[in-house]
1. Would you mind listing the strands (runs of 3 or more DSSP E) fully within the range 247-290 where at least 3 residues are among the hydrophobic types (A, V, I, L, M, F, W, C)?
2. Just give me the residues in the range 368-383 being outside any loop (DSSP other than H, G, I, E, B), out of contact with any strand residue (DSSP E or B) (no Cβ under 6 Å at 6 or more places or on another chain) and surrounded by 11 or more Cβ atoms within 10 Å (Cβ to Cβ), in sequence order.
3. Quick one: which of Pro193, Pro198 is free of Cβ contacts under 8 Å to residues at least 60 places away in the same chain and within 24 Å of Leu103 (Cβ to Cβ)?
4. Looking at the range 140-152, which of its residues are open to solvent by 50 Å² or more (accessible area, probe 1.4 Å) and either at pLDDT below 95 or not in a strand (DSSP E or B) (or both)?
5. How do the pairs read when you match residues in the range 143-161 that are within 19 Å of Trp280 (Cβ to Cβ) and touching a residue at least 24 places away in the same chain (Cβ under 8 Å) with residues anywhere that are among the charged types (D, E, K, R) and surrounded by 15 or more Cβ atoms within 10 Å (Cβ to Cβ), using Cβ under 6 Å and keeping only pairs 6 or more apart or on different chains?
6. Starting from residues that are open to solvent by 40 Å² or more (accessible area, probe 1.4 Å) and in a loop (DSSP other than H, G, I, E, B), keep the ones in the range 83-99 and report whichever is farthest from Leu22 (Cα to Cα).
7. Could you grab the pairs with beta carbons closer than 7 Å, sequence gap of 6+ or different chains, first residue in the range 17-43 and on the phi < 0 side of the Ramachandran plot, second one acidic (Asp, Glu) and open to solvent by less than 40 Å² (accessible area, probe 1.4 Å)?
8. Residues to consider are Ile18, Ile10; find the one that is open to solvent by less than 10 Å² (accessible area, probe 1.4 Å), under 30 Å from Val170 (Cα atoms) and assigned to a strand (DSSP E or B).
Amino acid sequence: MTTQRTDVCIAGGGPAGIMLGLLLARAGVDVIVLEKHDDFFRDFRGDTVHPSTLNIIDALGLRTRFEAIPHQPLQRLDVVLNGIRIHLIDFTTLPPPNRLVTLMPQWDLLDLLADAAAEHPSFHLRLGAEVADVLEREGRVCGVRATTADGQLEIAARLVVAADGRTSTVRRALGLAPRELPVDTDVLWFRVPRPPLPLPDTLAWANAAGMAITIPRPDYLQCALLVAKGSLDDLRAAGIDAFRARVARIVPRLSDVVGAIASFDDVKHLDVQIDRLPRWWRPGALCIGDAAHAMSPVFGVGINYAVQDAVAAARQLIPVLRPRGSVKGAGDDALDEACAAVQRRRGWPTAAMQAVQRRAHRAIAAGAVTRIVDDPPTRGQRAAMRLVLPVVKPVAARVVGYGFRPETVQDVHARRCAKFT
């Protein structure tokens, strides 16, 4: 068995884990990130990078590298309800410089962040290392035990961070159980070629046949069909032809390309969960990202809330782990208080966004979305849209683009400097 020591051991190489590792390493904190897979390539993962995350990319000096990666910038997102296109979200109403969202495969974003982190000697990424359990001493978490291709690995750490997703092994080992919030919807992900006629950038399509999402990528569309939870077996029984026909009824512009869905092997089921830990930490351990709170795919905020957690955690942890003039850092009590402060900082923004997501799911499940406008719109509906949309657009852009209580990297530096003065 191999044994290593570090200041912080992060389980999970997703957006939360890699971003936190990067920020800690920039401050000179020794950090090991363990990722159970051998690379970051996983399809049908969230790839919507919002203005809040773009601001952090800028502050880290990574924008030039970011722009060198193929991605799809979107300044506006429309919805099509009963065949009527509505210009719902306009990110140009946000303050500059980042007045857009961009769609970038998550594995490309993770590669970018990991490469930047690797430039710091205190950052260590172990791929193919799956955390199996936590180590404890006298009621305090003091490390992890992991499995690698080379055998067992034990890492002793002052702090263990669970960033290993909604089915977190570390969270389970810590004895922390999330409170599940009911959701009536599941998502079926699939991809199709771009249709022959250009398709305007569209967030969602909804009519009596259901609701679908179309996410543009450079060479294809990543799509999602929202279905009632537990209905997958019935859909499979009806056959792939019925599935294709339903997609085409919701998004007529895809009629010529749905044949690319060869079978249900091309369809990935996402069991939509919304949950949140009542307590995000234990002595010596902290949960962030999906390990602390599973978000719905609604509005695509998952990556961005994970990144926000990482920035907030770095703000609290850096002064404790590496205060000026100290080699060992502050004591365990200060470290635990920093973990508690992360939850205080990120708890209510998470709860607020989850409440918005749950309202959206209830509206979708009840069919309320499709009743907003008829085809053609009534005179009252046209008048309402003229009055309401100018008010809704900037609010929607703000909530979707930044979420609640966005974090900044400048705050991390400010907090660190204030601690040293």
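The values are calculated or read from the model by the stated rules, or taken from the named source; none is laboratory data. If you're wondering where the values come from, they're calculated on a predicted model, not measured in any experiment. For neighbour counting, all protein chains shown are included, and Cβ atoms are generated from backbone atoms with ideal geometry for every residue, glycine included. Please note that ligands, DNA and RNA were not included when accessible areas were found on the heavy atoms of the full protein model with its side chains. Shrake-Rupley method; radii C 1.70, N 1.55, O 1.52, S 1.80 Å.
1. 285-287
2. Filtering the range 368-383 for residues outside any loop (DSSP other than H, G, I, E, B) gives 369-371, 379-383.
Applying the additional criterion that residues be out of contact with any strand residue (DSSP E or B) (no Cβ under 6 Å at 6 or more places or on another chain) yields 371, 379-383.
Across the range 368-383, the qualifying residues are Arg371, Gln381, Arg382, Ala383.
3. On the way: Pro193 fails: free of Cβ contacts under 8 Å to residues at least 60 places away in the same chain.
One residue alone meets the criteria, Pro198.
4. Residues satisfying the conditions are Thr147, Ala149, Asp150, Gln152.
5. Pairs found: Arg158/Asp7.
6. In this case the residue turns out to be Gly83.
7. From the range 17-43, the pairs are Val29/Asp7; Asp30/Asp7; Val31/Asp7.
8. The conditions single out Ile10.
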